[in-house]
1. Mind checking the angle between helix 175-185 and the chain's longest principal axis? C-alpha axes, 0 to 90 degrees, to the nearest 10.
2. Out of the DSSP beta bridges found with both residues in the range 24-142, what percent are antiparallel (nearest 5)?
3. Looking at the range 84-243, what % of its DSSP beta bridges pair antiparallel, to the nearest 5?
4. Which of (i) 70, 47, 46; (ii) 65, 50, 46; (iii) 84, 50, 46 is the computed Cα extents along the principal axes in Å for the structure on display?
5. Calculate the spin-label point distance for Ser447 paired with Asp145, positioning each point 7 Å from the Cα along the beta-carbon direction, and give it in nanometres.
6. Using the beta-carbon distance between Val454 and Gln137 and R0 = 56 Å, what value does 1/(1 + (r/R0)^6) give for FRET efficiency, to the nearest 0.05?
7. If each of Ala117 and Lys322 carries a label point 7 Å out from its Cα toward its Cβ, how far apart are those two points in nm?
8. Between Asp86 and Phe341, what length comes free when the chain is fully extended (0.36 nm per residue of separation minus the Cα-Cα distance, one decimal in nm)?
Amino acid sequence: MQLYNTLSAEERAQLIDEAGKERLTLSFYAYAKIEDPKKFRDELFIAWNALDALGRIYVATEGINAQMSVPADQFEAFRDTLEVYDFMKGIRLNVAVEQDNHSFLKLTIKVRNKIVADGLNDDTFDVTNKGVHLKAQEFNDMLDDPNTIVVDFRNHYESEVGHFEGAITPDVENFRESLPIINDQLQDFKEDKNLLMYCTGGIRCEKASAYFKHQGFKNVYQLEGGIIEYTRQIKEEGIKSKFIGKNFVFDHRLGERITDDIISQCHQCGKPCDNHTNCANDACHLLFIQCDDCKAAMENCCSTECLETIHLPLEEQVAQRKGLQVGNKVFRKGKSDALKFKHSGDLSTQPLAQATTKPETKDIRQKIKVKKTLIGKAEHYYSKSKIAQFLIENKELSVGDKVLISGPTTGDQEITITQIHVNGGPCETAKVGDQITFELPFRVRLSDKLYKIVQA
């Protein structure tokens with residue numbers, strides 16, 4: 001039985017678009033003793049794949065941590081798959097504030113040592129002795145108490161675009177780095193201060209609150225359900241938000257807006273901005289904040305070096321990515337000397353601007369906003385003559401057809417075919433198996449696909 005994905009992200013996105021059904025983005029977690037995580041993983045994959053549920057899920061002997069996209073009309077059926085397991089009966093599902101049908105495009109369930117990498121030895125303290133859970137209004141009330149210290153247990157790239165008023169925001173790359181830093185910083189406040197903590201969905205605080213109680217902190221509290229559940233409650237109950245800005249999320253959206261306040265800057269020009277992107281250079285893939293102007297000027301790259309790299313022949317780019325040392329640099333989370341306006345650590349909640357329009361649609365949606373049919377693939381680009389070569393693998397291509405050339409580096413480029421050459425000579429219609437060439441003002445790469453646009 002198939003227990004893995006067979007479709008690419010783009011193919012899955014196109015199927016979702018053609019189905020025309022609304023989907024729900026949600027997350028949940030549960031700490032529980034799981035004897036056989038691999039068997040548990042396989043059972044979940046079979047059940048969720050049948051429902052067209054997608055997402056990124058980690059399972060371990062200590063429980064499950066899931067961020068998912070589920071068809072709205074299969075929501076109850078999905079919940080039923082959880083109720084099969086005693087430890088997930090009645091589990092809270094954190095439904096996202098902003099919905100996007102393409103938030104997740106694959107079903108990935110991985111067996112890990114832990115569902116959150118916390119670096120702790122769980123045998124040394126009682127992980128069930130957790131802090132007091134607070135609902136949104138209770139959390140707000142405690143924030144107003146001058147005897148309260150509030151700590152953000154997320155990473156620097158998350159807190160930079162949004163956080164609670166007055167929060168300590170550690171300048172850390174991951175959760176396990178923040179625990180000893182906060183413990184050392186707050187040693188003098190164990191007895192008499194309220195330690196109030198929060199994270200995205202609550203899972204990091206489940207472990208952190210138990211750890212800090214073990215460290216001797218007397219009054220430990222945590223935001224129930226994290227920022228996601230807090231936002232749902234303040235919207236439903238008309239409570240004032242004390243969270244300012246945007247909540248970073250780990251899917252294609254990279255964030256959902258909580259308030260209209262923009263508290264961060266484009267890392268390249270300093271303009272008020274809170275839209276994250278990943279560097280287009282596959283050997284870098286740095287996560288950083290980039291405004292629309294810099295996105296256009298830098299072609300989604302974080303530096304001039306990366307911009308130069310993406311215009312090299314694909315073979316050269318692949319060669320530069322080889323080696324363990326190079327590979328370890330990929331998917332860095334936003335720290336680079338090239339980012340002149342990067343801020344982290346001691347952050348302000350003073351707004352720099354107000355969001356006035358809906359955030360720009362993510363790249364994956366750009367790929368599917370037109371109806372198209374795959375007809376071929378790129379084979380070569382002759383730089384001096386600016387001639388592109390493609391192989392026709394499906395259907396036909398004629399002069400006058402509108403086409404979309406798409407790839408991870410090239411992006412999405414629409415043109416109208418005005419002339420085709422087959423075997424060196426002009427031709428009105430190219431058929432399956434033909435090797436064709438035509439002029440293009442931009443470079444194509446071997447990863448690029450050629451689509452015929454059938455409906456705008």
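The values are calculated or read from the model by the stated rules, or taken from the named source; none is laboratory data. The structure presented is a predicted model; accordingly, all values stated were derived computationally and were not measured. Here the Cβ positions follow ideal geometry from the backbone for every residue, glycine too, while neighbour counts run over all protein chains shown. These accessible areas exclude ligands, DNA and RNA; they are computed on the full protein's heavy atoms, side chains included. Shrake-Rupley method; radii C 1.70, N 1.55, O 1.52, S 1.80 Å.
1. Between helix and principal axis, roughly 40 degrees.
2. On the way: 17 of 22 bridges.
Close to 75 percent.
3. Working: 1 of 14 bridges.
The antiparallel proportion sits near 5 percent.
4. The value matching this structure is (iii).
5. 5.1
6. Efficiency computed from Cβ-Cβ geometry: 0.60.
7. Taking the simple label geometry, Ala117 and Lys322 are separated by 2.7 nm.
8. On the way: separation 255, 0.36 × 255 = 91.80 nm, distance 4.86 nm.
Separation in residues times 0.36 nm, less the Cα-Cα distance, equals 86.9 nm.
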